[in-house]
1. How far, in nm, would the chain grow between residue 422 and residue 52 when pulled straight, counting 0.36 nm per residue and subtracting the alpha carbon separation?
2. What nm distance separates the two modelled labels at residue 104 and residue 60, each placed 7 Å from Cα along Cα→Cβ?
3. Restricting the count to DSSP beta bridges whose residues both fall in the chain, what percent are antiparallel, rounded to a multiple of 5?
4. Just the number, please: carbon plus sulfur as a percent of the accessible area of the chain, 1.4 Å probe, no ligands or DNA/RNA counted.
5. Give me the net charge of residue 78's neighbourhood, meaning all other residues with Cβ under 12 Å from the Cβ of residue 78; Lys, Arg count +1, Asp, Glu -1.
6. Which percent, nearest 5, of DSSP beta bridges in region 78-197 are antiparallel?
7. Taking every pair of alpha-carbon atoms in region 198-247, give the share separated by more than 14 Å as a whole percent.
8. In vacuum, with every alpha carbon of region 275-357 counted as one equal point scatterer, what does the Debye formula give for log10 I(q)/I(0) at q = 0.16 Å⁻¹? Two decimals, please.
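The values are calculated or read from the model by the stated rules, or taken from the named source; none is laboratory data. Note that the structure is predicted; figures quoted are calculated from it, not measured. Backbone-built Cβ (ideal geometry, glycine too); neighbour counts: all protein chains shown. Ligands, DNA and RNA are excluded from the accessible area calculation, which covers all protein heavy atoms including side chains. Shrake-Rupley method; radii C 1.70, N 1.55, O 1.52, S 1.80 Å.
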Amino acid sequence: MERIDLLVTGIGRLVTPPGNVPRCGQQMREVHEIMDAMVAIRAGKIVAFGTAQDVISLLANVEIVETIDVGGRLVTPGLIDPHTHLVHGGSREHELVMKRSGVSYLDILAQGGGILNTVQSTRAASEQELYDKARGSLNGMLLNGVTTVEAKSGYGLSLEAELKQLRVAKRLNETHPLDIVSTFMGAHAVPLAYKGRAEAYVDLIVNELIPKVAEEGLAEFCDVFCEQGVFSIEQSRRILLKGMACGLISKIHADEIEPLGGAELAGEIGAISAEHLLAATDKGLAAMAEHGVIPVLLPGTSFNLGLAKHARARAMIDTYALPVALATDYNPGSCPTESIQLIMMLASLNLKMTPEEILTACTINAANALGRGGEIGSIAVGKRADLAIFDAPNLAYLPYHFGINHTFAVIKNGNVIVWNRALVTDEACKKEGHDEP
Ligand code: IZC
Ligand code: ZN
């Protein structure tokens, strides 16, 4: 080893799931824990980690450019948020009282509100306005310890407006220190201009939107809101198969409210992940397990919608040995929060997941839900140096002491971009070679 760019010392407790592949069932509880640890970083990657003693002996005669001492804190892999509706205009607090008085999410949508309200605001916004708003949210996520975020389109619902959203996500990925992974979700709702003509809108998605998005390289994944009154199983299958034919990997909003069979469809077509799953049947979960589909659970959404029902995380882990991942579902309607730590608390409270399972769900399993298990999601030699540093004595403390942000610092690609709970200067927060617009 010739040189170390950054040596992270003073790690009181380092906790990480091992390896690159999804951790299934009981494996989710098996995390590696090292007390009094160090992590050595070169060129944005982890080159060594272990007890301070072991790392120091490895580094004899090696030039160390910079050392930081994290003061005995807890260190985990950078957290990964694999399901967000990051880029959008406006907000929907005007629907709050209606929601609290008992009008359902799907009824609000059927009345032309909900997603369709955000479509109006997103279409009306300029690219710069969308960029500025999403950037603010990304900073909030980063301050929470998140280092990679998925972002879905789906508030444009026309060629022009979908491309606008995806271009904003691309520019954010180029200019913001976090990595943003794009998903095309033109099948988020049927736009007003196609009211009563859902099939014609599906034609537009299949014939024009998907080919254009794929041709421009604006998304890696394709997602569909497969739900009663939104897109049917047949429509979802058609859209996702077209996406796959154009090189987009399938994700699916499945069985959130009604058990339509979205989990079964995810298994049938070999989707990388299926999301929500509150109403998924045993047959659906078995199909997912058989075909290696990752369940991405979003407990903030059921919490915010005031539902008594929750995704069956215990059955997924204990009975079906599925590799559960967690995400915020950050969006202006059903889950307006950037806080992955709130989601961790709700996963403990409502999904009955253990602190170790929660960490695995927010790191290596989330990385695999984005097809990036080989690069991120665990502290391992050769992986990107993405670390979250918490003011907490141990893992259980994160979901235990709730309602506050425990993140003290964040390292992304070997750069310290949050320190002492604040964003480090703008300089460090740019990606190399890209100037702030
Ligand atoms: O804006 O309501 N569930 N899509 C599916 C959402 C929630 C986002 C929204
Ligand atoms: Zn969603």
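1. That pair, residue 422 and residue 52, stretches by 130.5 nm at full extension.
2. Using points 7 Å along Cα→Cβ, the separation is 6.9 nm.
3. 45 percent
4. 51 percent
5. Taking every Cβ under 12 Å from that of residue 78, the sum is 0.
6. On the way: 0 of 8 bridges.
Antiparallel bridges make up about 0 percent of those DSSP assigns within region 78-197.
7. 46 percent
8. -0.56
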